[in-house]
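Engineer: Quick one: structure below, then a few questions.
The values are calculated or read from the model by the stated rules, or taken from the named source; none is laboratory data. Note that this is a predicted model, so its numbers are computed, not measured. When we count neighbours, we look across all protein chains shown, and the Cβ atoms used for this are built from the backbone with ideal geometry, even at glycine.
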Amino acid sequence: MSGVVAERAGGAALETLRRVFGYEAFRGDQEAVIEHVVAGGDAVVLMPTGGGKSLCYQIPALVRPGTGVVVSPLIALMQDQVDALRALGVRAGFINSTQDFDERRVVEAQFVSGELDLLYLAPERLKLNSSLELLSRGKVSVFAIDEAHCVAQWGHDFRPDYLALSVLGERWPDVPRVALTATATHATHQEITARLGMPDARHFEASFDRPNIQYRIVPKAEQRKQLLAFLKEEHAGDAGIVYCLSRASVDRTAEFLVRNGIAAVPYHAGLEGRVRAEHQSRFLREDGLVVVATIAFGMGIDKPDVRFVAHLDLPKSVEGYYQETGRAGRDGLPSTAWMAYGLNDVVQQRRMIQSSQGDDAFRRRASAHLDAMLALCETVECRRGRLLQYFGQEPQTGGCGNCDTCLSPPETWDGTVAAQKVLSTIVRLDRERRGQKFGGVHIVDILLGRRTAKVIQFDHDQLSVFGIGEDLTEAEWRGVVRQLLAMELLGVEGEHGALVLTEESGTVLRGERKVPLRKEPKRPTTRTPAAAKGERKPKAVVDLAPGLLPAFEALRAWRAEQAREQGVPAYVIFHDATLREIVTASPSSVRELGGISGVGEKKLATYGEGVLEVLAAFGDGPGPGEEPVSPAAQSPAPTPTAKPAASKPSAARPVAAKASAAKASAHAADDGYDWSREPAPEDEPEPEDLGW
């Protein structure tokens with residue numbers, strides 16, 4: 001692309017960013033990606049959640065002639081995405097299985113006649129000849145393949161329909177394609193490129209660091225009570241997501257939270273579609289609602305003010321953990337990624353891999369994913385640094401200062417003797433009791449010298465190792481066993497999770513290998529008075545001066561009323577970050593209000609006077625009717641190559657009363673799992689497939 005053409009494309013893109021989306025400048029690699037795609041180049045884009053990936057295809061679709069076609073697996077959220085774009089004045093539509101014949105015909109006609117800027121399609125529709133023929137009848141400006149990691153066959157979100165998307169490059173070789181994802185290792189990155197047939201694509205990789213998220217992993221002990229304390233002490237009144245491995249655990253956890261005064265709803269594939277849709281809609285619309293869910297929930301959710309993501313069970317991979325925790329703090333405000341992790345998690349995950357129906361290659365890959373996740377949980381170094389290293393990026397030296405291991409560095413100790421005691425107990429059971437195998441609770445009981453019913457039944461109080469572990473507490477012994485499993489110095493066998501030796505166990509028993517372990521942190525016994533009373537300000541307002549809080553809350557109340565009237569989530573009107581900037585800047589005219597980040601041409605015309613009315617009530621603005629400056633007068637004339645999105649016909653269409661998402665913002669055997677001192681997973685996790 002010549003320098004003159006590139007300059008014009010860049011100017012058109014920046015003008016569209018300011019006029020439609022209300023932002024003064026691009027962030028990070030956004031501008032480079034957009035200019036490359038506008039010029040006709042293919043791109044593979046890796047940006048973290050909240051990094052502004054959607055602008056990388058929305059702006060090229062608005063600048064280039066034709067309609068941008070977005071391939072997305074998020075059928076349940078397409079209406080939300082379209083509603084949010086229409087609120088910005090962008091002509092958008094979707095075609096999926098939720099529509100009837102007449103609804104699809106209308107959208108198809110709009111596409112063919114060039115009345116759409118963006119068209120959303122599910123990947124499975126592109127396997128239909130009718131869909132390909134439809135695209136051939138219109139003019140496509142760009143193909144965007146969202147959630148591109150779904151093409152990776154060994155990834156955590158693999159969807160077979162993505163494998164057929166290479167047809168886009170074959171049938172439309174002159175139309176640029178952009179593949180986008182928030183999480184991918186180098187291997188997944190390469191697989192995306194190969195399977196989508198994009199060998200000449202330019203690769204853009206932003207930092208995976210989310211500095212506003214604090215990563216914390218705590219030892220699991222009565223995890224629901226731990227979760228409740230975490231919510232009441234640190235996130236009272238905040239919106240958040242709690243992930244559980246099974247549907248039954250989701251239901252019970254949601255019920256537990258509700259009984260204890262937390263507004264919470266369940267979400268999993270076992271619920272009726274109507275109930276899922278209602279709970280998703282409530283989460284998007286209501287302030288302070290907690291969703292307890294399986295991994296079926298969350299992909300594509302653009303709610304900016306999710307203040308925490310909690311895991312009550314261990315995710316299966318670092319990729320899954322990163323993607324799920326990344327749903328917190330999209331607005332850049334302080335947020336928490338909290339997880340309760342214990343011995344049961346390791347036992348269950350190891351056993352699930354061993355008993356899976358996959359071949360040896362699948363088990364090796366699953367084990368590698370689990371090993372990486374366990375390394376993240378057990379690290380004594382900066383947790384954020386370990387996360388970045390997994391994705392091939394160098395962490396900052398000296399730690400991040402915003403994770404548990406940086407804020408409270410864990411102590412380590414030489415656990416070689418303790419490891420030998422555990423392994424020796426397993427050897428004695430095998431040799432002296434004719435191959436008996438037991439799980440972790442029973443092994444710890446033997447080491448602690450407890451004459452339980454099971455110990456007496458099997459005469460295990462007569463073993464030479466009985467009571468040799470009284471120097472450690474039960475919690476410390478559980479930590480030893482958990483870490484030995486994580487290091488694969490112990491294995492799991494059978495459906496009840498009996499502990500067995502591995503090939504590496506002998507090196508410890510013979511004294512050839514040292515076993516450094518991290519000390520188990522002490523459980524907090526006291527709370528600060530403010531935390532105990534739930535006296536905390538919402539994180540959305542902690543950085544505002546006290547004198548600005550009344551105006552901020554009044555704007556939020558006004559925004560809530562606007563959202564109710566239009567049937568959209570409040571953040572589709574304005575994000576909290578925009579409201580904070582408004583009360584801080586205290587604009588005195590419509591012109592000044594138009595300079596606030598996140599206030600585009602369409603929103604200024606729609607909401608400008610209403611905002612000024614609210615500010616005027618607090619003496620912070622001129623009030624309606626004073627200094628009337630038309631929005632059109634303050635906006636520069638569009639560049640010839642840019643389409644006037646804000647003035648397009650569909651902007652006047654009523655916004656559907658469904659959940660919206662705005663993307664414009666710049667994871668003899670004993671009782672096995674029935675541990676008496678550590679709550680066990682209530683049932684097996686079930687595959688969650690909602691047809692997304």
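Engineer: Can you pull out the residues in segment 195-213 that are surrounded by fewer than 19 Cβ atoms within 10 Å (Cβ to Cβ) and touching a helix residue (DSSP H, G or I) at 6+ places or on another chain (Cβ under 9 Å)?
Structural biologist: First pass over segment 195-213, keeping only residues surrounded by fewer than 19 Cβ atoms within 10 Å (Cβ to Cβ): 195, 197, 199-200, 202-203, 205, 207, 209, 211-212.
Result: R195, G197, P199, R202, H203, E205, S207, D209, P211.
Engineer: May I ask you to verify whether T405 is among the hydroxyl-bearing types (S, T, Y) and touching a Pro at 6+ places or on another chain (Cβ under 7 Å)?
Structural biologist: Working: among the hydroxyl-bearing types (S, T, Y): yes; touching a Pro at 6+ places or on another chain (Cβ under 7 Å): no.
It is false that T405 is among the hydroxyl-bearing types (S, T, Y) and touching a Pro at 6+ places or on another chain (Cβ under 7 Å).
Engineer: Would you be able to say whether some residue in segment 541-552 is out of contact with any strand residue (DSSP E or B) (no Cβ under 8 Å at 6 or more places or on another chain), within 18 Å of A239 (Cα to Cα), modelled with pLDDT under 80 and not in a helix (DSSP H, G or I)?
Structural biologist: Yes.
Engineer: Mind telling me which of the residues V90, V70 ends up being under 28 Å from H186 (Cα atoms), touching a strand residue (DSSP E or B) at 6+ places or on another chain (Cβ under 8 Å) and of a type outside the set (F, W, Y)? Spell out how you get there, then give the answer.
Structural biologist: Working: V90 fails: under 28 Å from H186 (Cα atoms).
Answer to the selection: V70.
Engineer: Got a sec? Which of G237, G342 is modelled with pLDDT under 90, in contact with a Pro (Cβ under 8 Å, 6 or more places away or on another chain) and farther than 29 Å from S97 by Cα?
Structural biologist: Working: G237 fails: modelled with pLDDT under 90.
That would be G342, the only listed residue that is modelled with pLDDT under 90, in contact with a Pro (Cβ under 8 Å, 6 or more places away or on another chain) and farther than 29 Å from S97 by Cα.
Engineer: For segment 293-347, which residues satisfy the criterion of being part of a loop (DSSP other than H, G, I, E, B), farther than 23 Å from S281 by Cβ and not charged (D, E, K, R)?
Structural biologist: L312, L314, P315, S317, G332, L333, P334, G342
Engineer: Enumerate the pairs (first residue in segment 483-494 and on the phi < 0 side of the Ramachandran plot and outside the structural domain of A375 (by TED's automatic domain parsing); second residue anywhere and hydroxyl-bearing (S, T, Y) and outside any strand (DSSP E or B)) with beta-carbon separation below 6 Å, excluding pairs fewer than 6 apart on the same chain, so at least 6 apart or on different chains.
Structural biologist: Within 6 Å, the pairs are L489/S505; G491/T502.
Engineer: Hey, could you check segment 1-30 for residues that are more than 14 Å from Y57 (Cβ to Cβ) and acidic (D, E) and say which is modelled with the lowest pLDDT?
Structural biologist: It comes out as E7.
Engineer: Kindly state which helices (runs of 4 or more DSSP H) lie completely within segment 561-651 and contain at least 1 residues that are at pLDDT below 90.
Structural biologist: Those helices (runs of 4 or more DSSP H) span 570-573, 576-585, 601-617, 631-634.
Engineer: If E394 satisfies every condition in (1) touching a Leu at 6+ places or on another chain (Cβ under 9 Å); (2) at pLDDT 90 or above; (3) surrounded by fewer than 16 Cβ atoms within 10 Å (Cβ to Cβ) but one, which is the exception?
Structural biologist: (2)
Engineer: While we're on this one: Which number in (1) assigned to a loop (DSSP other than H, G, I, E, B); (2) within 30 Å of Q396 (Cβ to Cβ); (3) modelled with pLDDT of 95 or more marks the one condition that I262 misses?
Structural biologist: Here I262 clears every test but (2).
Engineer: Among the numbered criteria (1) more than 21 Å from the chain's Cα centre (by Cα); (2) under 16 Å from N212 (Cα atoms), which single criterion is violated by D404?
Structural biologist: Of (1) more than 21 Å from the chain's Cα centre (by Cα); (2) under 16 Å from N212 (Cα atoms), only one is false for D404: (1).
Engineer: I've got another one for you. Inside segment 469-492, can you point out the residues that are among the β-branched types (V, I, T) and farther than 20 Å from T507 by Cβ?
Structural biologist: Within segment 469-492, the first condition is being among the β-branched types (V, I, T), and the residues that meet it are 473, 480-481, 492.
The answer is T473, and nothing else.
Engineer: Being modelled with pLDDT of 95 or more, in the same structural domain as L168 (by TED's automatic domain parsing), of a type outside the set (D, E) and buried (at least 22 other Cβ atoms within 10 Å of the Cβ) is the requirement here; does Q58 meet it?
Structural biologist: yes
Engineer: With the structure loaded, tell me whether A269 is at pLDDT below 95, assigned to a loop (DSSP other than H, G, I, E, B) and closer than 23 Å to Y341 by Cβ or whether it fails that test.
Structural biologist: No.
Engineer: While we're here: Could you tell me which residue of segment 91-113 is farthest from P73 (Cα to Cα), considering only residues that are modelled with pLDDT under 95 and in a loop (DSSP other than H, G, I, E, B)?
Structural biologist: Result: D100.
Engineer: For segment 440-475, give me the residue count where each residue is of a type outside the set (A, V, I, L, M, F, W, C) and within 45 Å of the chain's Cα centre (by Cα).
Structural biologist: So the answer is 12.
Engineer: Yes or no: V242 part of a strand (DSSP E or B) and surrounded by fewer than 21 Cβ atoms within 10 Å (Cβ to Cβ)?
Structural biologist: Details: part of a strand (DSSP E or B): yes; surrounded by fewer than 21 Cβ atoms within 10 Å (Cβ to Cβ): no.
Here the answer is no, as V242 does not meet what is asked.
Engineer: Also, quick follow-up: Kindly check whether there is at least one residue in segment 64-73 that is assigned by TED's automatic domain parsing to the domain that holds G169, closer than 17 Å to A13 by Cβ and buried (at least 24 other Cβ atoms within 10 Å of the Cβ).
Structural biologist: yes
Engineer: Scan segment 413-430 and tell me whether some residue there is modelled with pLDDT under 90 and under 17 Å from A498 (Cα atoms).
Structural biologist: Looking only at segment 413-430, we keep the residues that are modelled with pLDDT under 90, and these are 430.
Still in the running and under 17 Å from A498 (Cα atoms): 430.
There is at least one residue in segment 413-430 that is modelled with pLDDT under 90 and under 17 Å from A498 (Cα atoms).
Engineer: Out of (1) in a helix (DSSP H, G or I); (2) surrounded by 21 or more Cβ atoms within 10 Å (Cβ to Cβ); (3) in contact with a Gly (Cβ under 8 Å, 6 or more places away or on another chain), what's the single condition that is false for Q280?
Structural biologist: (3)
Engineer: Let me ask something else. Can you work out which of the residues in segment 96-120 that are under 30 Å from H575 (Cα atoms) and touching a strand residue (DSSP E or B) at 6+ places or on another chain (Cβ under 6 Å) is surrounded by the fewest Cβ atoms within 10 Å (Cβ to Cβ)?
Structural biologist: The residue in question is V107.
Engineer: Return yes when E476 is within 18 Å of I353 (Cα to Cα) and either outside any loop (DSSP other than H, G, I, E, B) or not hydroxyl-bearing (S, T, Y) (or both) and no when it is not.
Structural biologist: No, not satisfied.
Engineer: Counting residues that are within 26 Å of G440 (Cβ to Cβ), which helices (runs of 4 or more DSSP H) fully inside segment 348-412 reach at least 3?
Structural biologist: 360-378
Engineer: Follow-up question, since we're still on this one. Pairs, please: C-beta under 7 Å, at least 6 apart or cross-chain, first residue farther than 16 Å from H311 by Cβ and in segment 203-219, second modelled with pLDDT under 90 and surrounded by fewer than 17 Cβ atoms within 10 Å (Cβ to Cβ)?
Structural biologist: Pairs found: A206/G28; S207/Q393; F208/Q393; N212/G332.
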